[in-house]
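Notes to accompany the following structure.
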């Protein structure tokens, strides 16, 4: 019986172990978004959301919720004499309709500035994304005003340390985030990205789609007003008249009963 | 509880909206005015875009005027002939007003034009009411000044197309009610008001109609002018928010009942001064908004 080198015997096990580690490193982070579809019905005033998953132990977590990018028209304000008036229109595009960034530690503790810029997670990189059809000398100020407007509307929330990390286990590091989807979220496809960070770099990430859908009465009214405006105008008048005559009918009967009782 | 306004494209607290409607209804019940001229600026203050606020206010007025006109019709207080004449002018004026808004929107100045018109109208009406009531209170009399024929009235009687309006027992040129209706129609489209606060004094002082006939006929005309303006706003500017209008109408109905009962506890001139003060406060708030340097130099251009 020939004597075999022990190193040769252990080599396959070493290779298998290395392969398993490599596979584990590239395996996408597990993300669960609840609910997966936000329905904006009659009584929509924002939605309670939960994002949870499992990451590798020792990593920091950043969760980014990004709305679809769409061009939007704004009035430009300028001073004419003592009063502020609209002096023209400007179309602003390129930036997401909604942007919320949550993390388990302050952003600059999670990622270095070059990576923050690469993933468009800070104001400076967002400002670069904003495109306008205004004159070159106005662009910088308009981009700043646009970002301030979005923040004021509650559409942009750029730095919230609210991702909760659980206790690490052999399965990994559980994380969770509870937040409120804003009232201003319009219908469209939103992207939820989870970034796992270590030593200032992104070591793993996962993307999940989140749909915001207009449903029920508001959806019906909005589509009717857009696509069948004559019918919508007619129906609006008829419903308002019916409401008025109905009120009069009820009031007159109540009044007559009171008179009869006297 | 929140409610999603489909045309204004915003969620708003339901109690706030019904509360605003109730407050306007309360004022209308207490002071005997439709309150439309206060409702649009208040809606603008809570964040509703001015063009949507004005158009939806017109729709809300349809509900209120239907109720009032039906009650007055049963009492025989509506001069249908005069009302229809004014209505023809009102619909033409409404069409002109909607076209003005369309052009101003294309230029990006519609919201500004609505705000400035409001500041001027509220300032004028509020100041007039305030000082007139103050002088009445100082004189210690509640008797209104007796009406005296003006030189303008002689001019009106010389106009062509003189027609009898037997229900109101007056004779006027067709041009007078047509023009009056036209002015109100333009205001209804631009400001989203019924126009009762302008039409009523003109019907009583200029057309010499009995007060109860003026109120009933004014409501009859306002109902159809506002209905026409609502339809035109919906088809031309797409700014009528039916949800907003119905919620305001619901709140207004409740508020009007409370206001009418409380109004009986106050004297006429006290009521007028109170209303004038509210009107002036709203005007000052809007004027300050126009004069103060805004923190942001962009505002969203709304509408579908």
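Read-outs: derived from the displayed coordinates by stated rules, not from any lab. Bear in mind the structure is a predicted one, so any value in this text is a computation, not a measurement. Cβ: placed from backbone, ideal geometry, glycine included. Neighbour counts: every protein chain shown.
Dimensions of the protein assembly as shown along principal axes (Cα, Å, largest first)?
On the principal axes, the protein assembly as shown reaches 133, 62, 47 Å in Cα extent.
If you rank B:258, B:7 by fewest surrounding Cβ atoms within 10 Å, what's the result?
With the sparsest Cβ surroundings first, the list reads B:258, B:7.
Points 7 angstrom from Cα along the Cβ direction at residue A:93 and residue A:206: gap in nanometres?
If labels sit at residue A:93 and residue A:206, their model points lie 3.4 nm apart.
Neighbour counts of other C-beta atoms within 10 Å: give me A:132, A:42 arranged from fewest to most.
So the residues, fewest neighbours to most, are A:42, A:132.
Take the Cβ-Cβ distance between residue A:164 and residue B:261 as r, set R0 to 51 Å, and report the resulting FRET efficiency rounded to the nearest 0.05.
According to the calculation, E is roughly 0.40.
Could you work out the relative contact order of chain B, using alpha carbon pairs under 8 angstrom and six or more residues apart, expressed as a whole percent?
40
How big is D for chain B, in µm² s⁻¹ as a whole number, if Stokes-Einstein is applied with the Kirkwood radius of its Cα pairs at 25 °C and 0.890 mPa s?
124
Taking only DSSP H segments of four or more residues, each worth -39500 (n - 2.57), what value at 222 nm results for chain B once the sum is divided by all its residues, to the nearest 500 deg cm²/dmol?
Calculated at 222 nm, the ellipticity per residue is -24000 deg cm²/dmol.
Measure nothing but the geometry: give the 0 to 90° angle between the long axis through the Cα atoms of A:6-26 and the longest principal axis through the Cα atoms of chain A, rounded to 10°.
Helix A:6-26 sits roughly 10 degrees off the main axis of chain A.
Picking from A:113, A:223, A:97, which is most flexible by a Gaussian network model of chain A using Cα springs under 10 Å?
Per the Cα network of chain A with a 10 Å cutoff, A:223 tops the list.
What order do you get for A:122, A:207, B:79 when you list them from fewest to most C-beta neighbours inside 10 Å?
Ordered from fewest to most neighbouring Cβ atoms within 10 Å, A:122, A:207, B:79 come out as A:207, A:122, B:79.
Could you work out the helix-only [θ] at 222 nm for chain A, with each DSSP H run of four or more residues adding -39,500 (n - 2.57) and the total divided by the number of residues, to the nearest 500 deg cm²/dmol? Present the calculation step by step, with values, prior to reporting the outcome.
On the way: 7 runs with 101 residues, N = 262.
Calculated at 222 nm, the ellipticity per residue is -12500 deg cm²/dmol.
With a cut-off of 8 Å between alpha carbons and a minimum separation of six or more residues, what is the relative contact order of chain A in percent?
For chain A, the relative contact order is 26 percent.
Take the alpha carbon gyration tensor of the range A:75-232, find the square roots of its eigenvalues, order them as a ≥ b ≥ c, and report rounded if a/c is under 1.5; if not, report prolate when a/b exceeds b/c, else oblate.
oblate
Please report the spacing between the Cα centers of the range B:97-135 and the range B:55-85 in Å, no decimals.
The distance from the Cα centre of the range B:97-135 to that of the range B:55-85 comes to 24 Å.
Between 0 and 90 degrees, rounded to the nearest ten: what's the tilt of helix B:14-31 against the longest Cα principal axis of chain B?
Roughly 20 degrees, rounded to the nearest 10.
What is the extension gain from residue A:249 to residue A:79, computed as 0.36 nm multiplied by their sequence separation minus the C-alpha to C-alpha distance, in nm to one decimal?
Length difference between fully extended and current span is 56.0 nm.
Using Cα springs under 10 Å in a Gaussian network model of chain A, which residue among A:162, A:229, A:56 shows the largest mean-square fluctuation?
So, out of A:162, A:229, A:56, the one fluctuating most is A:229.
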